[in-house]
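We did not get these values from a lab; they are worked out from the coordinates using the rules stated. Quick caveat, the model's predicted, so the values are computed rather than measured.
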Amino acid sequence: MDICIGGIFDGQKIENNNDFFKVEEHYSDHSSKYIKQHFHLFGQIFTFWVCEDVDLTQAMSKAERILKNKKRN
């Protein structure tokens, strides 16, 4: 899926072959570091980019919501 959870790119799909990447906000000192995480949900493995500021439990819950919304569409 490669959807970002948290940070500057929250909800956006980013294709990147690395295990992590960092994004800096222009005109600000704020940045977001994303780490590739694999979640086993609904009998499948999905890949998300999780901002380092987000708790893993919160990230899992958000990933579940994203997948449930995709099933509806």
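Values for this structure:
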{"item": "Relative contact order (percent, whole number), the chain, Cα cutoff 8 Å, 6+ residue spacing", "result": "30"}
{"item": "Folded to 0 to 90 degrees: helix 56-72 orientation relative to the chain principal axis, Cα", "result": "60"}
{"item": "Descending semi-axes in Å of the chain, equivalent ellipsoid built from Cα gyration tensor", "result": "22, 12, 11"}
{"item": "Shape of region 32-73, Cα gyration tensor, a/c cut at 1.5", "result": "prolate"}
